[in-house]
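Before any comments, here is the structure.
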Amino acid sequence: MPTATHKCYKPTALPRVTPSEKYRSINPPVGNALSTYRRIRTDGDYLRAWDGGQIPSMRYTANVENNLGFGNHFQGIQRLSRGRYLVISGADPNVAPGLPRASHLFIVRMASRYRTGPWGSNLVARQQPPANDAIVKTVCIDNKLWHAGGISVCGDILAVPIESSSPEKSHVVFYNMRKPEQPTEFPLRVKRSKAKAGAAALTRLPSGFYLLAVWSDSDRKPKRIDFYRSKTRDFSDGFSPGPVTWYARDVEAATGQDANFSNFQAINFVNQRNGRLFLVGLHNTSSEAPTRPGRDYADLYSVEFGEGLSQVPPVLDVPVITKVGKRQFFCNDQQCNMDGAAGVYVDSDGALHIYAAWHWRSDNLLRFNEYRSVPGRHTPAITGIKDAWIDLFEHRGYSGRRLSIIGWKGHAIRHFGEVSVQGSAFENKVSSVRFQIPPGYNYALYDGRKYTGDILYLCGTGYVEEIRDLGRGYGFRDKVSSARYER
């Protein structure tokens, strides 16, 4: 386990963003938001990371010494666009000697994962993550506004809503995450008096201006989203003070959907290549999650502002928000809960992935899932091994537990009884497969350990291939004991 570095509960004085400082300011668009959203797997790959000694003992745990974790838990998660990093937000309202209440950001470096593309589980070879997958920096944001909620990334810009329980007021603060381990703070805040800020979403519009959405789920006022437009195309100039407000009761529904806008833990914008704007809301159905388990959902909405949005500067009208998709996601083993922390990531190729974390750490570990997007049957061919993926399923018909091999890392498995798939071994369990392997590569499945016995080759064509039943015509159902790439 990594050794302790520092413990921070005083607000962190970060350097301010300078006018000459560079940063990305836009996320990749998707081709078709609804079809891309439908391709996200509903069962996640397990990931964990060490706390790196960054969090004082018992904080962010469900222990009795921490009031069972009530109020003090992780609130948001976002994968960053640069490198192998995540940011997790947290709230700590508890007070102890030397430990005041505070809102936090925890920057996690997943050194064992790829820089781009899906990560896949870092627990296949062992029950614990590699030592260098860990929190590497803690940012203490504010001692009065101690609740950092659902966060959002737009390029390198991280938007963080912070609030307290009483009185009702909130801010949205912004950080340049171009250098994830050396963040800088933008010299601006969106200050909201008499308004909560449970989650925020940020995007850049086709005109170059920025749009900020702040979700308010106050018990005293109607639930709503306040939309702010940037003053100029320069993000550092901040946002116009008067928001346009949309009320959740006004949500519309596409055919087959329910007209519902839930109590979302996180909201994230998704941009379509044709300029259309969408919003993903993530939540759990239980008001007492995770004490009382509920169901985890990611809902998709279209957001239409009308002709004013194309003007320069854009003119915001009250948008029409329409529910176009609803999907349930599944999580076991206290790996995640979408009322703990959840967020959407758009990869460089326009694929959507969802990350969701558990409320607390345990055994010095943060637990979270990756719900990755899987290419459709008609996806263009791949040519590089880094883009390859293989899904080995426990049951016929692509069901049950799943072992994913992403790219080249971890491809050679000499004994399936030694790997961990959702907490259990996987020897003689594989019954169906889906894969996309470039030409010139074959993935060999062996019925004996250490690459011995009969062999079934998954041949690379560059396209998505699948075998629904390894028993029918192949005689390989429940026989795989080792596997590796061969050329």
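From the residues in the range 166-214 that are under 20 Å from the mean Cα position of the chain (by Cα) and basic (K, R), which one is least open to solvent (accessible area, probe 1.4 Å)? The residue in question is R204. The condition (being acidic (D, E) and without any contact (Cβ under 8 Å) to a residue 40 or more places away in the chain) is satisfied by just one residue among D447, D478, D469, D391: D447. Highlighted here are the strands (runs of 3 or more DSSP E) found entirely within the range 47-128 that include at least 1 residues which are in contact with a Pro (Cβ under 7 Å, 6 or more places away or on another chain): 85-92, 102-110.
Results for (1) touching a strand residue (DSSP E or B) at 6+ places or on another chain (Cβ under 8 Å); (2) of a type in the set (A, V, I, L, M); (3) at positive phi, shown as yes or no for each residue.
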site	(1), (2), (3)
D349	no, no, no
H359	yes, no, no
G376	yes, no, no
L392	yes, yes, no
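Only one entry in D299, D339 is at pLDDT 90 or above, farther than 16 Å from A248 by Cα, of a type in the set (D, E) and touching a Gly at 6+ places or on another chain (Cβ under 8 Å), namely D339. Of the residues making up the range 435-464, just one is under 12 Å from W389 (Cβ atoms) and among the small types (G, A, S), namely G460.
For the range 50-83, filtering for residues that are surrounded by 20 or more Cβ atoms within 10 Å (Cβ to Cβ), in contact with a Lys or Arg (Cβ under 8 Å, 6 or more places away or on another chain) and not aromatic (F, W, Y) leaves 7.
If you filter the range 351-370 down to residues that are touching a residue at least 12 places away in the same chain (Cβ under 8 Å) and open to solvent by 10 Å² or more (accessible area, probe 1.4 Å), you find that the one that is farthest from E486 (Cα to Cα) is W360. Of all residues in the range 248-283, those being part of a loop (DSSP other than H, G, I, E, B) and of a type outside the set (F, W, Y) number 15. Looking at the range 371-479, the strands (runs of 3 or more DSSP E) lying wholly inside it that each contain 2 or more residues that are buried (at least 16 other Cβ atoms within 10 Å of the Cβ) and among the β-branched types (V, I, T) sit at 399-406, 464-467.
The values are calculated or read from the model by the stated rules, or taken from the named source; none is laboratory data. Keep in mind that this is a model prediction, so the values were computed, not measured. Note that each Cβ is placed from the backbone with ideal geometry, even for glycine, and that neighbours are counted across all protein chains shown. These area figures cover heavy atoms from the full protein model, side chains too; ligands, DNA and RNA do not enter into them. Shrake-Rupley method; radii C 1.70, N 1.55, O 1.52, S 1.80 Å.
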